Each structure stands twice: as C-alpha cells, then as structure tokens.
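Chemist: Take this structure, written in structure tokens, and hold onto it; I'll ask about it next.
The values are calculated or read from the model by the stated rules, or taken from the named source; none is laboratory data. Worth saying up front: this structure is predicted, and the values here are computed from it rather than measured. A quick note on method: Cβ atoms are made from the backbone with ideal geometry, for glycine too, and the neighbour counts reach across all protein chains shown.
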Amino acid sequence: MITEEVMPLNYTEPIEFGKAKRKQRRKILLKGLLFLAPSIILFSIFVFYPMIRTIYLSFFLTNQAGATTVYVGLQNYMDIFTSPIFLKSLKSTFLFVLYTLPGTIILSLFLAVIANEKLKGIDFFRMIFSSSMGVSVAAASVFWMFLFHPSIGFINRGLAALGIAKIGWLTDPHWALLSVSISTIWMNIGFTFLILLGGLQSIDSHLYESAAIDGAGYFYKLRRITLPMLSPTLFFVMTVSVINAFQTFGQIDMLTKGGPSNETNLIVYGIYREAFVNYQYGSASAEAIILFIIILIMTLVQFKVGERKVHYQ
Amino acid sequence: MRLALSNKIILYLLLTLSAVILFLPILFAFFMSFMGSQDALLGKILPSHWTLENYEEAFRRLPLLRFLFNSVLISLMIMIGQLIFSSLAAYAFVFLKFKGRETLFFLFVATMMIPFEASIIPNFQTIKALNLIDTYPGLALPFLATAFGTFLLRQTFKQIPIELREASEIAGKGHFKFYLTVVLPIAKSSLVTLGIYSFLSAWNMYLWPLLSTTNDQVRTVQIGLKELQSQEQVNQWGVVMAGAMVVAIPTLILLFIGQKKLQKGLAEGALK
C-alpha cells in the first residue's frame, strides 16, 4: 500500500478506501463467526442435526441397533395415530397440562402477591416459596411418593382421621394422573413464583401511589394495576409451564412408570419406552415429531401473542 | 405501600400458612431421614430419637459419594461451558455488526423451539457413536451451548455504553481483549445469575443421565436416588429420605444463597 502512494490521489483514494472498508468488514465477519463458533457447532451437532435425523428416522423401520432397515413413508405416523396407546398418551398429556397449568399459575401468583409486600422477614418467606426450584425432580418424587403411600403416607392418614377410606393415589387409574399433577404443581411453584415475583417488583410503584391517592382499594389495585402490568410475565410463565408439561418425564419414571393402565403415560415417557425399551426408533421418532410440532406451535404462539396482546411499560 | 396493622396481621398469617403447607413435603422427609424404621411405620412426624443410621445405610448401599462427585463435576462442566460459550455468542450479537448476523440470531431463537426430549434418539446415537456413553463429556456435551443464556447475557451487554468500545478501540484493544477485560467484569452479576441457574438445571437433570450412563462410575446423584428408591422395602423409607436429603440439600443451599440474584436475572431474561 505504501508503494501505491505515488499514484494520483484522486484516482486511488476511493478504491483504496473501499478496499479497506471491505477488508475491515471481512475481518469483523470473521471475528463474529469466531465468537459464535462454539455455540453454532454445538447447536449443529446436538440440536439441528438430531432434529433432521429424527424426521428422517420417522420414515423408516429400524433394527435393534437403531439402524434404518425399511423405508415405510408415512406408515409410522399412520400407525401411531391408530395406536390406542399413543392416542391415550396424547390425551393424558393434554389432561396433565389442564390439571397443572391453572394450579401452578394461580398458586404462584397468590404467593408472589403476598410476598411482594415490604415486611420484616419477607426474605425468609420468599426463600421458602422458591424452595421447590432447588429440589430436583428425583428428590421431589421421593417426597411425594411417601405422601401418596397408600398405608403409611400422610395424605391417607389425614383422610383416615376424617373417616375417609384409603385412596390408592398412584395405583388407582382414577387418581394417578391427578396425583402426579399435584406433585408437579408443587415442583413448578418455586420457579414460577420467582419469575412472577421478579415481574411484580419491576412494576413502577408510582402507579400504586397515585391509585392510593384516588382512594383505590386493595383488590381494585390488584385487578386494575397489578394484573395488567404483570401480563407479559404471566404470559411468559404460562407458555413455559405448558412447554414444561409437554416435556415431563422424571416424575413419571419415578412415581408411576406410566401406569396404572397407561393413565400417566405422558408423551415423553411414551417416546422413551418406544425407543429404549421396545427399540422402535422409527415410530418413536414419529411420536417425537408430533411432540416437536406441539411445542413449536406453543412457542410461536408465545412470540406472536406475546408481542401483541401484552402491556409493556 | 404502608399497611394498616390489621392488614399486616392477615398478611403474616397468609405468609406463614402458605410457607408451612409448601414446605411440609421437605420437612416430613427431613425428619423421616433421622428416624428409626419403627417411627416411620407408626406414622410419627418427629423422630422419637434422632439417629444417623439412615444416612449410614444409604451411603453403605450405594456409592453416594461417588455420585455426588460426578454430579458436582458434570454440573460444573456444564456451568462453565455455558458461561463461556454464551457470553462469547452474546458479545458477537451486541458488539460485532456483520452481514448475516440476524440470520444467525434467528438460528439461536430456533433452538429454543426444539425440545431436547424430541431429539433424544439421534443424540443418544451420536454419543454412542462417539464412544462417549458412560463418560463425563458424554453427559455434558449436549448442554454446553444455551440460547437462553445467550439472550440473558445479550440483554446485559446491550446496556454497556458503546463509547466504552470506541475508547478501547482507540487504545488499540482488540475485541477479544475488550470482551475479557471490560465486558465480562461489567456483566459479573448476570454471569453469576446464569451460573447459578445452569448449575441448578444441570444438577437436576434426569432423562439424559438415565440414558447415557450404564454404570456407577459416572452415574449422577439423581439416578442414584432412583436406584435407592427402586430398592425400597416397606420399612426402609428413612434410608430413601436420607438419600433424597443428600441430593436436595446442596441445591437448596445454592438456591437460598442465589435466590435474590436469580429472581432479578430470570425476570429480566424472561421479558427481554
């Protein structure tokens, strides 16, 4: 570049300048890719490739080792949608969402609202309310397995004290899904509470002050200020809860193993059994694709509705 | 908000009642882990005499120390990996403007729509093909990159004034040096939040360790607890509860220490 200085300025300058700029741009592109490379490589291997591979597998039959043997087109999909076990697992999963979502949101919201006041010792209560977030699914399942125990569990003992007959919480087909849902609500409360509390604390306190000057009561403020201002957070935790419900596995494996009579055979547990117990990778992949589509829709709804319907400060 | 005394009393009552109900499952388990098997069968809530027998028995039956060590190691690996890789990615999304950046950003968003559970079959095959079943890398690798962490840190990095970058550019600092010496120290608080969160989630993983381990050498404490529970005999609830306490207490402590940070950080990350 130094040798080029002898050339007439009006001729070289724009070109040199453009070149340098292009070079600079290429350098930044390279830097950017370098910074992003670890994540992109990991995502490619463990997220995108498996997704494509799952779609591929869902069109095949496989052998014990999981290698593809026969191309069957959409047959796996037709099979799972006529399989009573898969249909039941879809139904159970939707019921499970229905049982867990309102409970989780309402209880966590209640806890977040009462823990949002500035009181002495409030930090202690916040700690307790968020505690289930620190308890793993395996440990929480053990706690609840005991509570649900037919003869020595505290729930049935409590009922016995009231003169109500024993219930086989985890073994009776009428109760099993509900029992798993109750334990799941408990497991979810910690995280949901923490997010909602964070949302409440970011609400501008001036809103409450001016409402108080106007003589607004507690519940009026709750309905007219707290809930609308909290709506983005509420919407977020709802979507996360639904997605989590569709991904539930641990408590099923620990508490019921999908039983009794497949009542609690939620979709991920079904996929797990189909793939790693029955070694039917093809149909398990088809089930996984259905799960993927459901979660995709949920996420898109969150992005779309989340942008539109929600109050931003 | 100032509260009238009567409201305060009602509030404390509600808080206490909720706390008791919510904490009961943990409390029952805690007491049970210290009671003899007779007490458990009789339905006692508090032990008639406190004993460490259950803990001794749990550690005798299973290599719990080994499991604990494995869990700590894997959780640390995942935590450190996520912190490094997501902060690097977040830096690129904030400070490096290049063509195609938006597309790559969308790629990160897309990973959040693909649940790990739906792609578990090929992931299992990949780890198997790489001969990484029953190894620490096999347990940790699929979780080292995180879109959630990247978004969380991106939010924080965005608040760093661009003038700081310009000044460091004039001082002749490259991007990597700026990232290391300016951006990371400023974002320390968010990094701690993400660290706590990723450690907690890694410690609590269940499905992947179940699939990718077949022996006690690398097994995590969660799967250990599953083993302990499946051997449970009617009169041994205390032992299972002791195991559950060993699993739960480390993360409970971590949560109690980090609760304030988590609450702030997660709310910010959630709302973008």
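Chemist: From the list B:91, B:136, exactly one residue is under 19 Å from residue B:211 (Cβ atoms) and of a type in the set (Phe, Trp, Tyr). Which is it?
Modeler: B:136
Chemist: Pull out all pairs, ordered by first then second residue, where Cβ-Cβ is under 8 Å, the residues are six or more apart or on different chains, the first lies in the stretch B:85-110 and is free of Cβ contacts under 8 Å to residues at least 60 places away in the same chain, and the second is among the polar types (S, T, N, Q).
Modeler: Every condition considered, the pairs that remain are B:108/A:39; B:108/B:150.
Chemist: Continuing with the same structure: Would you point out which residue out of B:260, B:264, B:177, B:173 is surrounded by fewer than 19 Cβ atoms within 10 Å (Cβ to Cβ), in contact with a helix residue (DSSP H, G or I) (Cβ under 9 Å, 6 or more places away or on another chain) and not in a helix (DSSP H, G or I)?
Modeler: B:173
Chemist: Kindly establish whether residue B:131 is more than 28 Å from residue B:253 (Cα to Cα) and buried (at least 21 other Cβ atoms within 10 Å of the Cβ). If you could, list the steps in order and put the result at the bottom.
Modeler: Details: more than 28 Å from residue B:253 (Cα to Cα): yes; buried (at least 21 other Cβ atoms within 10 Å of the Cβ): no.
Judged against the criteria, residue B:131 is not a match.
Chemist: When the residues of the stretch B:3-12 are narrowed to those that are hydrophobic (A, V, I, L, M, F, W, C) and loosely packed, with under 11 Cβ neighbours inside 10 Å, which ends up nearest to the other protein chains (Cβ to nearest Cβ)?
Modeler: Among those residues, the one meeting the criterion is B:4.
Chemist: Tell me the residue from A:195, A:152 that is part of a loop (DSSP other than H, G, I, E, B) and at the interface with chain B (Cβ under 9 Å from one of its Cβ atoms), please. Break it down stepwise before answering.
Modeler: Values: A:195 fails: part of a loop (DSSP other than H, G, I, E, B).
After ruling out the rest, the residue left standing is A:152.
Chemist: A follow-up question, please. Being outside the structural domain of residue A:257 (by TED's automatic domain parsing) and modelled with pLDDT of 95 or more: is that true of residue A:41 here?
Modeler: So residue A:41 fits the description; yes.
Chemist: Output the residue which, of all residues in the stretch B:38-56 that are assigned to a helix (DSSP H, G or I) and surrounded by fewer than 18 Cβ atoms within 10 Å (Cβ to Cβ), is nearest to the other protein chains (Cβ to nearest Cβ). Walk me through how you get there before you give the answer.
Modeler: Quick first cut of the stretch B:38-56, residues assigned to a helix (DSSP H, G or I) only: B:38-42, B:53-56.
Keeping just the survivors that are surrounded by fewer than 18 Cβ atoms within 10 Å (Cβ to Cβ) gives B:38, B:41-42, B:53, B:56.
Numbers: B:38: 12, B:41: 6, B:42: 9, B:53: 18, B:56: 18 Å.
Step by step, filter the stretch B:38-56, then rank; the result is B:41.
Chemist: Can I ask one more? Just the residues that are among the hydroxyl-bearing types (Ser, Thr, Tyr) and either surrounded by fewer than 21 Cβ atoms within 10 Å (Cβ to Cβ) or facing another protein chain (nearest Cβ under 7 Å) (or both), please, taken from the stretch B:214-226.
Modeler: B:214
Chemist: If you go through the stretch B:98-152 one residue at a time, how many are at the interface with chain A (Cβ under 7 Å from one of its Cβ atoms) and of a type in the set (D, E, K, R)?
Modeler: 3
Chemist: Here is a further query. Go through the stretch B:120-163 and report how many residues are over 27 Å from residue A:283 (Cβ atoms), of a type outside the set (A, V, I, L, M, F, W, C) and assigned to a helix (DSSP H, G or I).
Modeler: 9
Chemist: I've got another one for you. I want to confirm something. Restricting to the stretch A:100-115 and keeping residues that are among the β-branched types (Val, Ile, Thr) and over 17 Å from residue B:20 (Cβ atoms), which single residue is surrounded by the most Cβ atoms within 10 Å (Cβ to Cβ)?
Modeler: Let us first name the residues in the stretch A:100-115 that are among the β-branched types (Val, Ile, Thr), namely A:100, A:104-106, A:113-114.
Now drop any that are not over 17 Å from residue B:20 (Cβ atoms), which leaves A:100, A:104-106, A:113.
Working: A:100: 23, A:104: 27, A:105: 19, A:106: 11, A:113: 17.
My answer is A:104.
Chemist: Quick check on this structure: which one of B:80, B:74 is of a type in the set (A, V, I, L, M, F, W, C), modelled with pLDDT of 95 or more and either assigned to a loop (DSSP other than H, G, I, E, B) or out of contact with any helix residue (DSSP H, G or I) (no Cβ under 7 Å at 6 or more places or on another chain) (or both)?
Modeler: B:80
Chemist: Take the residues in the stretch A:273-295 that are free of Cβ contacts under 8 Å to residues at least 60 places away in the same chain and either over 20 Å from residue A:66 (Cα atoms) or within 18 Å of the chain's Cα centre (by Cα) (or both); name whichever of them is surrounded by the most Cβ atoms within 10 Å (Cβ to Cβ).
Modeler: A:291
Chemist: Could you tell me whether any residue of the stretch B:189-202 is at the interface with another protein chain (Cβ under 10 Å from one of its Cβ atoms), more than 20 Å from residue B:61 (Cβ to Cβ) and outside any helix (DSSP H, G or I)?
Modeler: There is no residue in the stretch B:189-202 that is at the interface with another protein chain (Cβ under 10 Å from one of its Cβ atoms), more than 20 Å from residue B:61 (Cβ to Cβ) and outside any helix (DSSP H, G or I).
Chemist: Looking only at the stretch A:116-133, how many residues end up being surrounded by 15 or more Cβ atoms within 10 Å (Cβ to Cβ), more than 7 Å from every other protein chain (Cβ to nearest Cβ) and of a type outside the set (Val, Ile, Thr)?
Modeler: Here the count works out to 2.
Chemist: Quick check on my filter: what residues within the stretch A:155-181 are within 13 Å of chain B (Cβ to nearest Cβ) and without any contact (Cβ under 8 Å) to a residue 12 or more places away in the chain?
Modeler: A:157, A:158, A:159, A:160, A:161
Chemist: Continuing with this model, one more query. Cβ-Cβ distance below 8 Å, separation of 6 or more or different chains: which pairs start in the stretch A:110-123 with a residue that is without any contact (Cβ under 8 Å) to a residue 60 or more places away in the chain and end on one that is not in a helix (DSSP H, G or I)?
Modeler: A:117/B:1; A:117/B:3; A:118/B:1; A:119/B:3; A:122/A:115
Chemist: Could you list all residues from the stretch B:13-37 that are surrounded by fewer than 17 Cβ atoms within 10 Å (Cβ to Cβ) and within 7 Å of chain A (Cβ to nearest Cβ)?
Modeler: Scanning the stretch B:13-37 gives B:14, B:23.
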